[in-house]
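The values are calculated or read from the model by the stated rules, or taken from the named source; none is laboratory data. Nothing here was measured: the structure is a model prediction, and the numbers come from that model. Backbone-built Cβ (ideal geometry, glycine too); neighbour counts: all protein chains shown. Surface accessibility is based on the protein's heavy atoms, side chains included, excluding ligands, DNA and RNA. Shrake-Rupley method; radii C 1.70, N 1.55, O 1.52, S 1.80 Å.
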Amino acid sequence: MLRIQCDERPHWRDQAHEYGFKFHTMHGEPYWDETAYYQFTLQQIERDIEDPTAEIHQMCLAIVDQVVRDEALLRKFQIPELYWDVIANSWFDFEPSLYSRIDFAYHGKGPAKLYENNADTPTSLYETGFWQWLWLEDKAQSGQIARCADQFNSLQEKLIDRFSVMAKQHPNETLHFSACKDTDEDRGTVQYLEDCAVQAGIRCKFVYIEDIGHGEGDCFTDTDDQVIRWMFKLYPWEFMFREEYGPLLLKADVSFIEPYWKAILSNKALLALLWQKFPNHPNLLATYFEEDMNQAELTNYVKKPIFSREGANISIIEDGNEIYFADGPYGEEGYIYQAYHPLPKYGDNYTLVGSWLVDGQPAGISMREDKHLITQDLSRYLPHIIL
Amino acid sequence: MKRTKEIDLATMRKSAARKTTSAKSVMLTGTLLITGCGSSGQEAVVYTTAEQCIVENPDSRTECEKAYDNAISEAERTAPKYNSQRTCETEFGYNQCVQSQSNSGWFLPALGGFMVGRLTGGGYDYGRPSPVFGYQNSWVGADGTSYGGRSDRRVNVSKEAFKSKPTTARTISRGGFGSKIQAKSSWGSSRSRGSSFGG
(Lines give C-alpha, C1' and ligand atoms only; values in the text may rest on other atoms or scores of the structure.)
Protein backbone atom coordinates (compact mmCIF):
# COMPACT_ATOMS: atom_id res chain seq x y z
CA MET A 1 0.00 0.00 0.00
CA LEU A 2 1.69 3.15 -1.25
CA ARG A 3 0.71 6.78 -1.46
CA ILE A 4 1.90 8.14 -4.79
CA GLN A 5 1.92 11.84 -5.68
CA CYS A 6 0.64 12.66 -9.15
CA ASP A 7 -0.53 15.53 -11.34
CA GLU A 8 -4.15 16.54 -11.40
CA ARG A 9 -5.92 16.05 -14.71
CA PRO A 10 -6.11 19.58 -16.12
CA HIS A 11 -9.74 19.17 -17.22
CA TRP A 12 -11.17 17.53 -14.12
CA ARG A 13 -13.10 20.54 -12.82
CA ASP A 14 -14.82 21.00 -16.19
CA GLN A 15 -15.51 17.31 -16.25
CA ALA A 16 -17.01 17.53 -12.75
CA HIS A 17 -19.35 20.23 -14.02
CA GLU A 18 -20.28 18.13 -17.04
CA TYR A 19 -21.18 15.13 -14.87
CA GLY A 20 -22.85 17.12 -12.11
CA PHE A 21 -20.26 16.37 -9.40
CA LYS A 22 -20.96 19.46 -7.31
CA PHE A 23 -19.40 18.67 -3.95
CA HIS A 24 -15.78 18.15 -4.99
CA THR A 25 -14.97 21.24 -2.92
CA MET A 26 -16.75 21.82 0.38
CA HIS A 27 -16.56 24.80 2.73
CA GLY A 28 -13.82 26.16 0.46
CA GLU A 29 -11.66 23.07 1.08
CA PRO A 30 -10.87 20.36 -1.45
CA TYR A 31 -12.84 17.18 -0.91
CA TRP A 32 -11.96 15.28 -4.08
CA ASP A 33 -8.16 15.23 -4.12
CA GLU A 34 -6.29 13.74 -7.08
CA THR A 35 -2.85 15.16 -6.25
CA ALA A 36 -2.05 11.64 -5.03
CA TYR A 37 -3.46 8.14 -5.14
CA TYR A 38 -3.09 4.91 -3.18
CA GLN A 39 -1.64 1.82 -4.77
CA PHE A 40 -2.44 -1.70 -3.55
CA THR A 41 -1.34 -5.13 -4.64
CA LEU A 42 -4.03 -7.57 -5.68
CA GLN A 43 -3.17 -9.72 -2.67
CA GLN A 44 -3.64 -6.79 -0.29
CA ILE A 45 -7.04 -6.13 -1.80
CA GLU A 46 -8.29 -9.68 -1.95
CA ARG A 47 -6.75 -11.20 1.19
CA ASP A 48 -6.74 -8.18 3.50
CA ILE A 49 -9.83 -6.21 2.43
CA GLU A 50 -12.25 -8.13 0.23
CA ASP A 51 -12.37 -11.45 2.10
CA PRO A 52 -12.55 -9.88 5.60
CA THR A 53 -15.30 -7.54 4.34
CA ALA A 54 -17.47 -10.49 3.31
CA GLU A 55 -16.70 -12.33 6.53
CA ILE A 56 -17.36 -9.37 8.83
CA HIS A 57 -20.63 -8.71 7.08
CA GLN A 58 -21.74 -12.30 7.80
CA MET A 59 -20.63 -11.94 11.41
CA CYS A 60 -22.65 -8.71 11.70
CA LEU A 61 -25.71 -10.45 10.27
CA ALA A 62 -25.35 -13.13 12.95
CA ILE A 63 -25.54 -10.34 15.54
CA VAL A 64 -28.66 -8.88 13.92
CA ASP A 65 -30.25 -12.33 14.14
CA GLN A 66 -29.42 -12.41 17.84
CA VAL A 67 -30.60 -8.87 18.64
CA VAL A 68 -34.02 -9.03 16.94
CA ARG A 69 -34.92 -11.94 19.26
CA ASP A 70 -33.70 -10.32 22.49
CA GLU A 71 -35.57 -7.50 24.20
CA ALA A 72 -32.71 -6.67 26.54
CA LEU A 73 -30.40 -6.20 23.58
CA LEU A 74 -32.93 -4.13 21.64
CA ARG A 75 -32.97 -1.87 24.68
CA LYS A 76 -29.18 -1.70 24.73
CA PHE A 77 -29.31 -0.73 21.07
CA GLN A 78 -31.63 2.16 22.04
CA ILE A 79 -34.34 1.02 19.64
CA PRO A 80 -37.74 2.38 20.74
CA GLU A 81 -40.03 -0.51 21.70
CA LEU A 82 -42.68 0.62 19.23
CA TYR A 83 -40.45 -0.53 16.35
CA TRP A 84 -39.22 -3.89 17.67
CA ASP A 85 -41.78 -5.90 15.73
CA VAL A 86 -41.39 -4.10 12.45
CA ILE A 87 -37.61 -4.54 12.65
CA ALA A 88 -37.87 -8.23 13.53
CA ASN A 89 -40.41 -8.82 10.75
CA SER A 90 -38.23 -7.11 8.18
CA TRP A 91 -35.41 -9.43 9.25
CA PHE A 92 -37.45 -12.64 9.26
CA ASP A 93 -38.99 -11.71 5.88
CA PHE A 94 -35.49 -11.25 4.37
CA GLU A 95 -36.32 -7.72 3.25
CA PRO A 96 -33.62 -6.96 0.70
CA SER A 97 -30.83 -4.51 1.41
CA LEU A 98 -28.95 -2.46 -1.13
CA TYR A 99 -25.60 -1.38 0.24
CA SER A 100 -23.27 -0.80 3.21
CA ARG A 101 -19.82 0.52 3.89
CA ILE A 102 -17.47 -1.01 6.44
CA ASP A 103 -14.63 1.22 7.68
CA PHE A 104 -11.20 -0.26 8.27
CA ALA A 105 -7.88 0.83 9.68
CA TYR A 106 -5.42 -0.92 7.37
CA HIS A 107 -1.66 -0.49 7.35
CA GLY A 108 -0.84 -2.39 4.16
CA LYS A 109 0.08 -5.48 6.12
CA GLY A 110 -1.51 -7.49 8.86
CA PRO A 111 -5.26 -7.70 9.39
CA ALA A 112 -7.44 -4.70 8.63
CA LYS A 113 -9.27 -3.66 11.80
CA LEU A 114 -12.99 -2.89 11.77
CA TYR A 115 -13.79 0.63 12.97
CA GLU A 116 -17.50 0.63 12.26
CA ASN A 117 -20.28 -0.47 9.92
CA ASN A 118 -22.13 2.26 8.03
CA ALA A 119 -25.00 0.09 6.97
CA ASP A 120 -27.93 2.49 6.86
CA THR A 121 -26.94 5.77 5.18
CA PRO A 122 -23.40 5.51 3.80
CA THR A 123 -22.17 8.29 1.51
CA SER A 124 -19.10 8.86 -0.71
CA LEU A 125 -20.77 6.45 -3.10
CA TYR A 126 -20.67 8.54 -6.28
CA GLU A 127 -17.01 9.41 -5.76
CA THR A 128 -16.28 5.71 -5.42
CA GLY A 129 -18.52 4.02 -7.96
CA PHE A 130 -18.20 6.57 -10.73
CA TRP A 131 -15.76 9.40 -10.19
CA GLN A 132 -12.62 7.47 -9.23
CA TRP A 133 -13.45 4.97 -12.00
CA LEU A 134 -13.46 7.83 -14.51
CA TRP A 135 -10.20 9.14 -13.04
CA LEU A 136 -8.49 5.79 -13.72
CA GLU A 137 -9.90 5.66 -17.27
CA ASP A 138 -8.41 9.11 -17.97
CA LYS A 139 -5.10 8.34 -16.30
CA ALA A 140 -4.68 5.08 -18.22
CA GLN A 141 -5.69 6.77 -21.47
CA SER A 142 -3.11 9.52 -21.03
CA GLY A 143 -0.46 6.95 -20.17
CA GLN A 144 0.25 8.37 -16.70
CA ILE A 145 -0.84 5.12 -15.11
CA ALA A 146 -0.14 1.70 -16.62
CA ARG A 147 -2.99 0.32 -18.71
CA CYS A 148 -2.86 -2.90 -16.74
CA ALA A 149 -3.71 -1.05 -13.52
CA ASP A 150 -7.03 -2.06 -12.01
CA GLN A 151 -9.23 -0.72 -9.23
CA PHE A 152 -11.27 -2.48 -6.55
CA ASN A 153 -14.52 -0.92 -7.62
CA SER A 154 -17.38 -2.86 -9.17
CA LEU A 155 -19.83 -0.68 -7.26
CA GLN A 156 -21.79 0.81 -10.16
CA GLU A 157 -22.13 -2.53 -11.93
CA LYS A 158 -23.31 -4.22 -8.75
CA LEU A 159 -25.73 -1.42 -7.84
CA ILE A 160 -27.42 -1.60 -11.24
CA ASP A 161 -27.62 -5.41 -11.02
CA ARG A 162 -29.06 -5.17 -7.53
CA PHE A 163 -31.69 -2.64 -8.62
CA SER A 164 -32.62 -4.95 -11.51
CA VAL A 165 -33.36 -7.73 -9.04
CA MET A 166 -35.32 -5.38 -6.77
CA ALA A 167 -37.30 -4.10 -9.76
CA LYS A 168 -38.69 -7.59 -10.31
CA GLN A 169 -40.15 -7.54 -6.78
CA HIS A 170 -41.82 -4.19 -7.47
CA PRO A 171 -43.28 -4.42 -10.96
CA ASN A 172 -44.56 -1.14 -12.33
CA GLU A 173 -43.91 0.63 -9.02
CA THR A 174 -42.29 4.04 -8.64
CA LEU A 175 -39.20 4.15 -6.42
CA HIS A 176 -39.12 7.39 -4.44
CA PHE A 177 -35.64 8.64 -3.52
CA SER A 178 -35.24 10.95 -0.56
CA ALA A 179 -32.54 13.03 1.12
CA CYS A 180 -32.42 16.10 3.33
CA LYS A 181 -32.47 19.64 2.04
CA ASP A 182 -29.39 21.87 1.90
CA THR A 183 -26.73 19.26 1.34
CA ASP A 184 -25.21 18.85 -2.12
CA GLU A 185 -23.38 15.78 -0.92
CA ASP A 186 -26.47 13.83 0.11
CA ARG A 187 -28.44 15.03 -2.91
CA GLY A 188 -25.56 13.98 -5.17
CA THR A 189 -25.37 10.55 -3.54
CA VAL A 190 -29.08 9.99 -4.02
CA GLN A 191 -28.95 11.29 -7.60
CA TYR A 192 -26.30 8.70 -8.32
CA LEU A 193 -28.45 5.91 -6.94
CA GLU A 194 -31.35 7.25 -9.00
CA ASP A 195 -29.16 7.10 -12.12
CA CYS A 196 -28.29 3.48 -11.33
CA ALA A 197 -31.95 2.59 -10.70
CA VAL A 198 -33.03 4.21 -13.98
CA GLN A 199 -30.46 2.10 -15.80
CA ALA A 200 -32.08 -0.91 -14.17
CA GLY A 201 -35.38 0.17 -15.72
CA ILE A 202 -36.99 1.56 -12.57
CA ARG A 203 -39.29 4.58 -12.64
CA CYS A 204 -37.86 7.03 -10.08
CA LYS A 205 -39.05 10.15 -8.32
CA PHE A 206 -37.36 12.41 -5.78
CA VAL A 207 -38.84 13.99 -2.65
CA TYR A 208 -36.99 15.77 0.15
CA ILE A 209 -37.26 14.13 3.58
CA GLU A 210 -38.72 17.38 4.96
CA ASP A 211 -41.41 17.45 2.22
CA ILE A 212 -42.80 13.97 2.79
CA GLY A 213 -46.49 14.21 3.59
CA HIS A 214 -48.96 12.27 5.71
CA GLY A 215 -51.70 11.26 3.30
CA GLU A 216 -55.28 10.48 4.25
CA GLY A 217 -55.69 6.76 4.81
CA ASP A 218 -52.39 6.54 6.72
CA CYS A 219 -49.91 6.67 3.91
CA PHE A 220 -46.92 8.80 2.96
CA THR A 221 -47.19 11.17 -0.01
CA ASP A 222 -44.81 13.15 -2.18
CA THR A 223 -45.33 16.78 -3.18
CA ASP A 224 -47.68 15.71 -6.02
CA ASP A 225 -49.82 13.81 -3.48
CA GLN A 226 -48.65 10.59 -5.04
CA VAL A 227 -48.67 7.76 -2.51
CA ILE A 228 -45.18 6.46 -1.62
CA ARG A 229 -44.99 2.66 -1.73
CA TRP A 230 -41.31 2.03 -2.27
CA MET A 231 -38.63 4.35 -0.97
CA PHE A 232 -34.88 4.79 -0.70
CA LYS A 233 -34.14 7.16 2.19
CA LEU A 234 -30.74 8.67 2.92
CA TYR A 235 -31.93 9.43 6.42
CA PRO A 236 -31.13 7.30 9.47
CA TRP A 237 -33.69 5.02 11.04
CA GLU A 238 -32.77 6.20 14.52
CA PHE A 239 -33.97 9.70 13.56
CA MET A 240 -37.13 8.53 11.79
CA PHE A 241 -38.14 6.43 14.81
CA ARG A 242 -37.98 9.52 17.01
CA GLU A 243 -39.76 12.01 14.77
CA GLU A 244 -43.41 12.99 14.43
CA TYR A 245 -44.19 10.64 11.53
CA GLY A 246 -42.37 7.70 13.13
CA PRO A 247 -45.50 5.90 14.35
CA LEU A 248 -47.04 6.31 10.89
CA LEU A 249 -44.31 3.97 9.59
CA LEU A 250 -46.19 1.11 11.25
CA LYS A 251 -49.41 1.84 9.35
CA ALA A 252 -48.19 3.02 5.98
CA ASP A 253 -47.43 0.17 3.63
CA VAL A 254 -43.97 1.13 2.36
CA SER A 255 -41.00 -1.01 1.32
CA PHE A 256 -37.86 0.81 2.42
CA ILE A 257 -34.31 0.71 1.17
CA GLU A 258 -32.49 0.24 3.46
CA PRO A 259 -34.85 -2.13 5.32
CA TYR A 260 -35.71 -1.71 9.02
CA TRP A 261 -33.22 -4.32 10.20
CA LYS A 262 -30.41 -1.95 9.13
CA ALA A 263 -31.24 -0.01 12.33
CA ILE A 264 -29.41 -2.82 14.11
CA LEU A 265 -26.66 -3.41 11.57
CA SER A 266 -25.67 0.27 11.55
CA ASN A 267 -25.79 0.65 15.31
CA LYS A 268 -22.43 0.99 17.08
CA ALA A 269 -23.63 -1.21 19.93
CA LEU A 270 -23.12 -3.98 17.37
CA LEU A 271 -19.35 -3.56 17.75
CA ALA A 272 -19.49 -4.58 21.41
CA LEU A 273 -21.61 -7.64 20.62
CA LEU A 274 -19.26 -8.64 17.81
CA TRP A 275 -16.39 -8.80 20.29
CA GLN A 276 -18.52 -10.85 22.72
CA LYS A 277 -19.49 -13.36 20.05
CA PHE A 278 -16.21 -13.46 18.10
CA PRO A 279 -13.54 -12.56 20.69
CA ASN A 280 -10.00 -12.07 19.35
CA HIS A 281 -11.09 -12.28 15.75
CA PRO A 282 -8.13 -10.82 13.81
CA ASN A 283 -10.26 -8.11 12.13
CA LEU A 284 -12.00 -6.95 15.29
CA LEU A 285 -10.94 -4.49 17.96
CA ALA A 286 -11.87 -5.19 21.57
CA THR A 287 -15.09 -3.25 22.20
CA TYR A 288 -17.25 -2.96 25.32
CA PHE A 289 -20.42 -1.42 26.64
CA GLU A 290 -19.95 1.14 29.40
CA GLU A 291 -21.13 -1.29 32.11
CA ASP A 292 -18.48 -3.86 31.12
CA MET A 293 -15.59 -1.41 31.17
CA ASN A 294 -14.46 -2.31 34.72
CA GLN A 295 -13.44 -5.78 33.50
CA ALA A 296 -12.16 -4.58 30.16
CA GLU A 297 -8.52 -3.73 30.85
CA LEU A 298 -8.44 -1.13 28.10
CA THR A 299 -5.81 1.52 28.74
CA ASN A 300 -5.96 3.17 25.33
CA TYR A 301 -9.42 3.37 23.86
CA VAL A 302 -11.86 5.34 21.77
CA LYS A 303 -15.23 6.38 23.15
CA LYS A 304 -17.91 6.44 20.45
CA PRO A 305 -21.59 7.34 20.76
CA ILE A 306 -24.02 4.54 19.82
CA PHE A 307 -25.49 6.95 17.28
CA SER A 308 -22.97 9.27 15.71
CA ARG A 309 -22.05 10.42 12.24
CA GLU A 310 -18.94 11.69 10.57
CA GLY A 311 -16.72 11.27 13.58
CA ALA A 312 -18.77 13.54 15.84
CA ASN A 313 -18.50 13.23 19.65
CA ILE A 314 -15.66 10.74 19.51
CA SER A 315 -12.82 10.94 22.01
CA ILE A 316 -9.51 9.11 22.20
CA ILE A 317 -8.18 8.19 25.64
CA GLU A 318 -4.56 7.17 26.28
CA ASP A 319 -3.57 6.10 29.79
CA GLY A 320 -6.56 7.89 31.23
CA ASN A 321 -5.91 11.13 29.34
CA GLU A 322 -8.13 12.37 26.57
CA ILE A 323 -5.68 13.05 23.74
CA TYR A 324 -8.28 13.94 21.11
CA PHE A 325 -11.90 14.97 21.12
CA ALA A 326 -14.24 15.70 18.23
CA ASP A 327 -17.14 17.85 19.30
CA GLY A 328 -20.67 17.32 18.09
CA PRO A 329 -24.37 16.94 18.84
CA TYR A 330 -24.45 13.17 19.57
CA GLY A 331 -24.03 10.94 22.58
CA GLU A 332 -27.27 11.21 24.54
CA GLU A 333 -28.07 7.52 23.86
CA GLY A 334 -24.83 6.22 25.39
CA TYR A 335 -21.39 5.09 24.25
CA ILE A 336 -19.30 2.09 23.38
CA TYR A 337 -15.58 1.77 24.10
CA GLN A 338 -13.25 0.43 21.43
CA ALA A 339 -9.54 -0.44 21.78
CA TYR A 340 -7.46 2.37 20.28
CA HIS A 341 -5.86 1.28 17.03
CA PRO A 342 -4.67 4.41 15.21
CA LEU A 343 -5.02 4.91 11.48
CA PRO A 344 -1.88 4.57 9.37
CA LYS A 345 -0.11 7.84 8.65
CA TYR A 346 1.12 8.77 5.18
CA GLY A 347 3.04 12.03 5.35
CA ASP A 348 0.74 14.35 7.29
CA ASN A 349 -2.35 12.29 6.61
CA TYR A 350 -4.26 9.63 8.46
CA THR A 351 -5.90 7.23 6.03
CA LEU A 352 -9.14 5.29 6.36
CA VAL A 353 -10.31 2.51 4.02
CA GLY A 354 -14.06 2.31 3.38
CA SER A 355 -15.05 -1.09 2.03
CA TRP A 356 -18.37 -1.32 0.18
CA LEU A 357 -20.87 -4.10 -0.04
CA VAL A 358 -23.81 -4.47 -2.36
CA ASP A 359 -26.27 -7.17 -1.31
CA GLY A 360 -23.62 -8.60 1.00
CA GLN A 361 -20.98 -8.86 -1.76
CA PRO A 362 -17.74 -6.85 -1.45
CA ALA A 363 -17.91 -4.19 -4.18
CA GLY A 364 -14.94 -1.84 -3.85
CA ILE A 365 -13.16 0.64 -1.65
CA SER A 366 -12.94 4.36 -0.98
CA MET A 367 -9.91 6.10 0.53
CA ARG A 368 -10.31 9.02 2.93
CA GLU A 369 -7.54 11.19 4.35
CA ASP A 370 -7.57 13.59 7.24
CA LYS A 371 -5.00 15.69 9.06
CA HIS A 372 -6.64 14.49 12.27
CA LEU A 373 -6.84 11.06 13.84
CA ILE A 374 -10.60 10.99 13.43
CA THR A 375 -12.06 10.93 9.93
CA GLN A 376 -14.80 13.54 9.58
CA ASP A 377 -16.99 14.83 6.79
CA LEU A 378 -14.30 17.25 5.58
CA SER A 379 -11.75 14.49 5.12
CA ARG A 380 -10.48 14.38 1.54
CA TYR A 381 -11.31 11.60 -0.88
CA LEU A 382 -8.43 10.08 -2.89
CA PRO A 383 -8.56 7.53 -5.71
CA HIS A 384 -6.73 4.21 -5.64
CA ILE A 385 -5.38 1.60 -8.05
CA ILE A 386 -4.34 -2.03 -7.94
CA LEU A 387 -1.00 -2.76 -9.60
CA MET B 1 -10.86 -7.33 -13.43
CA LYS B 2 -12.06 -5.90 -10.13
CA ARG B 3 -13.72 -2.79 -11.45
CA THR B 4 -16.91 -2.04 -13.37
CA LYS B 5 -16.32 -3.15 -16.94
CA GLU B 6 -18.22 -0.45 -18.71
CA ILE B 7 -20.07 2.73 -17.85
CA ASP B 8 -22.33 4.43 -20.33
CA LEU B 9 -20.96 7.94 -19.89
CA ALA B 10 -23.81 9.58 -21.79
CA THR B 11 -26.25 8.45 -19.12
CA MET B 12 -24.05 9.95 -16.40
CA ARG B 13 -23.77 13.44 -17.91
CA LYS B 14 -25.76 16.19 -16.24
CA SER B 15 -24.74 19.33 -18.14
CA ALA B 16 -25.95 20.97 -21.35
CA ALA B 17 -24.68 18.14 -23.54
CA ARG B 18 -27.37 15.86 -22.20
CA LYS B 19 -30.13 18.44 -22.50
CA THR B 20 -29.45 18.92 -26.20
CA THR B 21 -29.92 15.21 -26.74
CA SER B 22 -33.25 15.10 -24.97
CA ALA B 23 -34.50 18.19 -26.82
CA LYS B 24 -33.75 16.36 -30.05
CA SER B 25 -35.65 13.29 -29.03
CA VAL B 26 -38.64 15.40 -28.05
CA MET B 27 -38.68 16.95 -31.50
CA LEU B 28 -38.45 13.52 -33.07
CA THR B 29 -41.41 12.27 -31.10
CA GLY B 30 -43.34 15.31 -32.19
CA THR B 31 -42.68 14.47 -35.83
CA LEU B 32 -43.81 10.91 -35.28
CA LEU B 33 -47.00 12.08 -33.66
CA ILE B 34 -47.87 14.21 -36.65
CA THR B 35 -47.21 11.48 -39.19
CA GLY B 36 -48.93 8.99 -36.92
CA CYS B 37 -46.77 6.05 -37.90
CA GLY B 38 -44.32 5.91 -35.04
CA SER B 39 -43.48 2.39 -33.97
CA SER B 40 -43.09 3.51 -30.36
CA GLY B 41 -46.49 5.20 -30.24
CA GLN B 42 -49.90 3.64 -30.13
CA GLU B 43 -53.18 4.57 -31.77
CA ALA B 44 -55.96 5.08 -29.28
CA VAL B 45 -59.51 6.33 -29.14
CA VAL B 46 -61.29 8.33 -26.45
CA TYR B 47 -64.91 7.53 -25.56
CA THR B 48 -66.67 10.02 -23.37
CA THR B 49 -69.35 7.48 -22.32
CA ALA B 50 -69.94 3.75 -22.41
CA GLU B 51 -72.83 4.38 -24.84
CA GLN B 52 -70.58 6.12 -27.33
CA CYS B 53 -68.25 3.12 -27.21
CA ILE B 54 -71.17 0.71 -27.75
CA VAL B 55 -72.58 2.69 -30.68
CA GLU B 56 -69.26 2.55 -32.46
CA ASN B 57 -68.53 -1.06 -31.46
CA PRO B 58 -71.89 -2.81 -31.26
CA ASP B 59 -70.27 -6.21 -30.79
CA SER B 60 -68.37 -5.07 -27.73
CA ARG B 61 -71.18 -3.94 -25.41
CA THR B 62 -69.90 -5.79 -22.30
CA GLU B 63 -66.32 -4.72 -22.93
CA CYS B 64 -67.34 -1.06 -23.28
CA GLU B 65 -69.33 -1.14 -20.05
CA LYS B 66 -66.53 -2.84 -18.17
CA ALA B 67 -63.97 -0.41 -19.51
CA TYR B 68 -66.08 2.53 -18.37
CA ASP B 69 -66.53 1.11 -14.83
CA ASN B 70 -62.87 0.32 -14.68
CA ALA B 71 -61.98 3.89 -15.71
CA ILE B 72 -64.22 5.28 -12.97
CA SER B 73 -62.45 3.30 -10.25
CA GLU B 74 -59.03 4.05 -11.71
CA ALA B 75 -59.93 7.76 -11.74
CA GLU B 76 -60.92 7.54 -8.10
CA ARG B 77 -57.59 5.89 -7.25
CA THR B 78 -55.21 7.95 -9.35
CA ALA B 79 -56.72 11.41 -9.97
CA PRO B 80 -55.43 14.43 -8.05
CA LYS B 81 -57.50 15.03 -4.90
CA TYR B 82 -58.57 18.36 -3.44
CA ASN B 83 -59.99 19.56 -0.14
CA SER B 84 -62.83 21.49 -1.67
CA GLN B 85 -64.84 21.67 -4.86
CA ARG B 86 -63.52 25.19 -5.38
CA THR B 87 -59.81 24.35 -5.33
CA CYS B 88 -60.50 21.50 -7.73
CA GLU B 89 -62.50 23.77 -10.02
CA THR B 90 -59.75 26.36 -10.01
CA GLU B 91 -57.63 23.74 -11.71
CA PHE B 92 -60.14 21.90 -13.90
CA GLY B 93 -62.86 24.49 -14.48
CA TYR B 94 -66.36 25.24 -13.26
CA ASN B 95 -68.61 22.20 -12.85
CA GLN B 96 -65.77 19.86 -13.80
CA CYS B 97 -65.25 18.31 -10.37
CA VAL B 98 -67.05 15.67 -8.33
CA GLN B 99 -67.04 14.46 -4.76
CA SER B 100 -64.95 11.37 -4.12
CA GLN B 101 -66.90 8.12 -3.67
CA SER B 102 -64.48 6.78 -1.09
CA ASN B 103 -64.11 9.91 1.01
CA SER B 104 -66.68 12.68 1.10
CA GLY B 105 -64.04 15.22 2.09
CA TRP B 106 -62.24 14.89 -1.25
CA PHE B 107 -62.95 16.33 -4.65
CA LEU B 108 -61.47 15.19 -7.91
CA PRO B 109 -61.91 16.05 -11.57
CA ALA B 110 -64.92 14.39 -13.19
CA LEU B 111 -64.14 11.57 -15.55
CA GLY B 112 -64.00 13.02 -19.05
CA GLY B 113 -63.92 9.64 -20.68
CA PHE B 114 -61.74 6.65 -21.17
CA MET B 115 -59.07 5.96 -23.68
CA VAL B 116 -58.46 2.51 -25.12
CA GLY B 117 -55.51 1.46 -27.25
CA ARG B 118 -55.89 -0.07 -30.69
CA LEU B 119 -54.61 -3.63 -30.93
CA THR B 120 -52.26 -4.48 -33.79
CA GLY B 121 -54.62 -7.20 -35.00
CA GLY B 122 -57.56 -4.75 -35.05
CA GLY B 123 -60.08 -3.90 -32.35
CA TYR B 124 -59.31 -2.26 -29.02
CA ASP B 125 -57.72 -3.28 -25.76
CA TYR B 126 -60.72 -2.69 -23.50
CA GLY B 127 -59.03 -4.49 -20.61
CA ARG B 128 -56.67 -1.58 -19.94
CA PRO B 129 -58.65 1.62 -20.26
CA SER B 130 -56.94 4.83 -19.19
CA PRO B 131 -59.19 7.45 -17.56
CA VAL B 132 -58.93 10.91 -19.11
CA PHE B 133 -60.02 14.28 -17.79
CA GLY B 134 -60.86 17.51 -19.52
CA TYR B 135 -58.25 20.13 -18.77
CA GLN B 136 -58.78 23.38 -20.65
CA ASN B 137 -58.97 22.22 -24.27
CA SER B 138 -57.07 18.97 -23.80
CA TRP B 139 -57.51 15.43 -22.58
CA VAL B 140 -55.09 14.69 -19.77
CA GLY B 141 -54.32 11.53 -17.82
CA ALA B 142 -54.34 11.27 -14.02
CA ASP B 143 -50.64 12.15 -13.94
CA GLY B 144 -51.14 15.28 -16.04
CA THR B 145 -49.91 13.88 -19.37
CA SER B 146 -51.69 15.56 -22.24
CA TYR B 147 -53.21 13.27 -24.87
CA GLY B 148 -54.29 15.86 -27.40
CA GLY B 149 -57.18 18.24 -27.96
CA ARG B 150 -60.67 17.50 -26.67
CA SER B 151 -62.06 17.75 -30.18
CA ASP B 152 -59.86 14.85 -31.30
CA ARG B 153 -61.13 11.50 -30.25
CA ARG B 154 -58.56 9.54 -32.20
CA VAL B 155 -55.15 10.15 -30.73
CA ASN B 156 -51.66 8.75 -30.99
CA VAL B 157 -50.09 8.24 -27.60
CA SER B 158 -47.06 6.66 -26.01
CA LYS B 159 -47.44 3.11 -24.71
CA GLU B 160 -46.83 4.61 -21.26
CA ALA B 161 -50.36 5.98 -21.41
CA PHE B 162 -51.81 2.56 -20.63
CA LYS B 163 -49.46 1.67 -17.81
CA SER B 164 -50.96 1.70 -14.34
CA LYS B 165 -50.77 5.16 -12.74
CA PRO B 166 -49.61 5.75 -9.18
CA THR B 167 -52.16 6.07 -6.42
CA THR B 168 -52.73 9.55 -5.01
CA ALA B 169 -54.02 10.59 -1.60
CA ARG B 170 -54.96 13.91 -0.09
CA THR B 171 -52.09 15.10 2.09
CA ILE B 172 -53.09 16.06 5.63
CA SER B 173 -49.75 17.44 6.77
CA ARG B 174 -46.10 17.69 5.79
CA GLY B 175 -42.83 18.05 7.65
CA GLY B 176 -43.11 15.14 10.09
CA PHE B 177 -39.65 13.92 9.12
CA GLY B 178 -36.42 15.91 9.24
CA SER B 179 -36.62 17.56 12.66
CA LYS B 180 -33.70 15.60 14.13
CA ILE B 181 -31.29 16.65 11.42
CA GLN B 182 -32.36 20.25 11.83
CA ALA B 183 -31.59 20.03 15.54
CA LYS B 184 -28.22 18.38 14.87
CA SER B 185 -27.26 20.85 12.13
CA SER B 186 -28.02 23.93 14.18
CA TRP B 187 -25.41 22.66 16.61
CA GLY B 188 -22.75 23.35 13.97
CA SER B 189 -24.09 26.76 13.05
CA SER B 190 -20.73 27.86 11.66
CA ARG B 191 -21.31 25.48 8.79
CA SER B 192 -22.68 26.74 5.54
CA ARG B 193 -24.87 23.71 4.99
CA GLY B 194 -26.56 20.87 6.82
CA SER B 195 -24.51 17.87 7.74
CA SER B 196 -24.37 14.82 5.58
CA PHE B 197 -24.75 11.34 7.03
CA GLY B 198 -21.86 9.36 5.71
CA GLY B 199 -18.48 9.21 7.29
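Overview of results
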read-out	value
Which listed pairs, of A:22/A:113; B:81/B:163; A:76/A:277; A:76/A:303, have C-alpha distances above 24 Å, in listed order	A:22/A:113
1.4 Å probe, heavy atoms, protein only - residues of segment B:87-122 losing at least 40 Å² accessible area vs chain alone	none
For segment A:160-214, Kirkwood radius (reciprocal of mean inverse C-alpha pair distance, Å)	11.7 Å
Buried accessible area, chains A and B (both chains, 1.4 Å probe, Å² to nearest 100)	5500 Å²
Over 26 Å (Cα to Cα) - which of A:233/B:165; A:233/A:345; A:158/B:180; A:262/B:184 fall in this group	A:233/A:345; A:158/B:180
FRET efficiency, residue A:345 to residue B:10 (Cβ-Cβ, R0 51 Å, nearest 0.05)	0.80
Computed lengthening from residue B:128 to residue B:104, 0.36 nm per intervening residue step minus Cα-Cα distance	5.9 nm
Cross-link reach list, aspartates and glutamates versus residue A:139, counting only Cα pairs under 20 Å and skipping chain neighbours closer than eight places	A:7, A:8, A:14, A:18, A:33, A:34, A:127, A:150, B:6, B:8
Local electrostatic count, residue A:300, Cβ distance below 9 Å [Lys/Arg +1, Asp/Glu -1]	-2
Using a Förster distance of 45 Å, the FRET efficiency for residue A:93-residue B:86 (Cβ separation, nearest 0.05)	0.50
Approximate spin-label separation residue B:164-residue A:84, in nm, with each point projected 7 Å along Cα-to-Cβ	3.6 nm
Relative contact order of chain A, pairs being alpha-carbon contacts under 8 Å that are 6 or more residues apart, as %	24 percent
Å² per residue, accessible surface of segment A:26-85 at 1.4 Å	43 Å²
For residue A:325, net neighbour charge (Lys/Arg +1, Asp/Glu -1) across residues whose Cβ lies under 13 Å away	-1
Electrostatic dipole magnitude of chain A [Cβ: Lys, Arg +1; Asp, Glu -1; Cα centre; debye, to 20]	920 debye
Reach of residue A:109 by Cα under 17 Å, taken over aspartates and glutamates that are not fewer than 8 positions away in the same chain	A:46, A:48, A:50, A:51
Accessible surface of the protein assembly as shown, 1.4 Å probe, proportion on carbon and sulfur as whole %	49 percent
